[in-house]
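To start, the structure under review is shown below, and the notes come after it.
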Amino acid sequence: PVKRTQLPEMPVLKTDLTEKEYLQRLETELLLYEEQLLELVAMSRDRNSLLILTTTPVNLDVPPKSVCSFSTTTDIERAVLELQELVKKQDWKTAWQKATKYTVQYPGNAMLFHLEGVVGKNMNKLGDAINSALQASSYECAAWRATEVQNSIIRKVATSQQVILFDFSRMLEKEWASNVTFFDEIHPQNIYYDKAMNQLGIAIRKILKL
């Protein structure tokens with residue numbers, strides 16, 4: 001006779017999270033991410049494989065989809081509205097003075113950092129603008145794309161483990177002010193994938209002495 005066994009149901013990943021649950025999960029996921037990268041490095045060495053780590057480009061023009069409630073107050077919402085109005089009026093000088101003040105006064109608000117990035121770009125303060133836009137992605141309260149946090153972990157592991165790093169994110173940041181770098185919120189223009197492949201090919205040929 002055939003004995004039937006009832007298998008347990010597959011666990012379902014909870015997606016409808018409270019903000020507190022999301023932040024707790026994010027902290028755990030980032031720790032696991034670093035450990036998995038270290039494991040990947042160890043595995044590549046055991047197998048005598050060539051490993052090249054690469055960062056994920058972040059679209060600096062996309063505003064945050066979610067701002068954490070703990071970083072929002074009535075005063076902060078008022079500051080955001082004020083900056084948005086100044087951006088609409090293209091009063092970049094006043095907006096820059098306000099934005100740099102507010103991001104220090106109210107640290108951790110993704111929308112304030114995003115607006116500071118917008119203003120900085122239009123003021124041609126590109127280094128500051130890039131930093132602000134990356135901060136905005138890091139403080140966002142929704143996991144819908146890679147952020148500067150994950151890229152920082154990749155750079156950290158590459159440096160500590162002396163692994164070759166192709167910093168795809170930095171490559172696009174250098175193009176941000178002069179070109180349209182993304183064709184949607186997440187994916188870079190195909191031309192940058194082509195450039196990345198060419199640069200990686202050159203690096204690999206040098207390593208392998210081809």
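The values are calculated or read from the model by the stated rules, or taken from the named source; none is laboratory data. Everything numeric in this text was worked out from a predicted model, so none of it was measured. With ideal geometry, Cβ positions are generated from the backbone for all residues, glycine too; neighbour counts draw on all protein chains shown. Just so you know, the surface numbers come from the protein's heavy atoms only, side chains and all, with ligands and any DNA or RNA stripped out. Shrake-Rupley method; radii C 1.70, N 1.55, O 1.52, S 1.80 Å.
General remarks:
- Whichever residue in region 58-75 is under 16 Å from the mean Cα position of the chain (by Cα) and open to solvent by 50 Å² or more (accessible area, probe 1.4 Å) and, among such residues, is nearest to residue 114 (Cα to Cα): 63
- Counted residues, region 162-210 - those being of a type in the set (Ser, Thr, Tyr), in a loop (DSSP other than H, G, I, E, B) and open to solvent by 50 Å² or more (accessible area, probe 1.4 Å): 1
- Identity of the residue in region 51-95, of a type in the set (A, V, I, L, M, F, W, C) and assigned to a loop (DSSP other than H, G, I, E, B), that ends up farthest from residue 208 (Cα to Cα): 68
- The set of residues from region 83-104 being in contact (Cβ under 8 Å) with a residue 12 or more places away in the chain and not hydroxyl-bearing (Ser, Thr, Tyr) comprises 83, 84, 86, 87, 90, 92, 93, 95, 96, 98, 99.
- The one condition in (1) out of contact with any helix residue (DSSP H, G or I) (no Cβ under 9 Å at 6 or more places or on another chain); (2) over 30 Å from residue 172 (Cβ atoms); (3) surrounded by 11 or more Cβ atoms within 10 Å (Cβ to Cβ) that residue 97 fails to fulfil: (2)
Residues checked against (1) open to solvent by less than 30 Å² (accessible area, probe 1.4 Å); (2) modelled with pLDDT under 95; (3) touching a helix residue (DSSP H, G or I) at 6+ places or on another chain (Cβ under 8 Å):
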| position | (1), (2), (3) |
| --- | --- |
| 114 | yes, no, yes |
| 128 | no, no, yes |
| 132 | yes, no, yes |
| 136 | yes, no, yes |
| 140 | yes, yes, yes |
| 143 | no, yes, yes |
| 150 | no, no, yes |
| 159 | no, no, no |
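For every residue, the table says whether it meets (1) over 18 Å from the mean Cα position of the chain (by Cα); (2) at pLDDT below 90; (3) open to solvent by less than 100 Å² (accessible area, probe 1.4 Å).
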residue: 6; (1), (2), (3): yes, yes, no
residue: 11; (1), (2), (3): yes, yes, no
residue: 18; (1), (2), (3): yes, yes, yes
residue: 27; (1), (2), (3): no, no, no
residue: 36; (1), (2), (3): yes, no, no
residue: 47; (1), (2), (3): yes, no, no
residue: 51; (1), (2), (3): yes, no, yes
residue: 56; (1), (2), (3): no, no, yes
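- In this structure, residue 42 does not satisfy being of a type in the set (Gly, Ala, Ser) and either within 28 Å of residue 20 (Cβ to Cβ) or touching a residue at least 12 places away in the same chain (Cβ under 8 Å) (or both).
- Residue match in region 73-90 (condition: of a type in the set (D, E, K, R) and touching an Asp or Glu at 6+ places or on another chain (Cβ under 8 Å)): no
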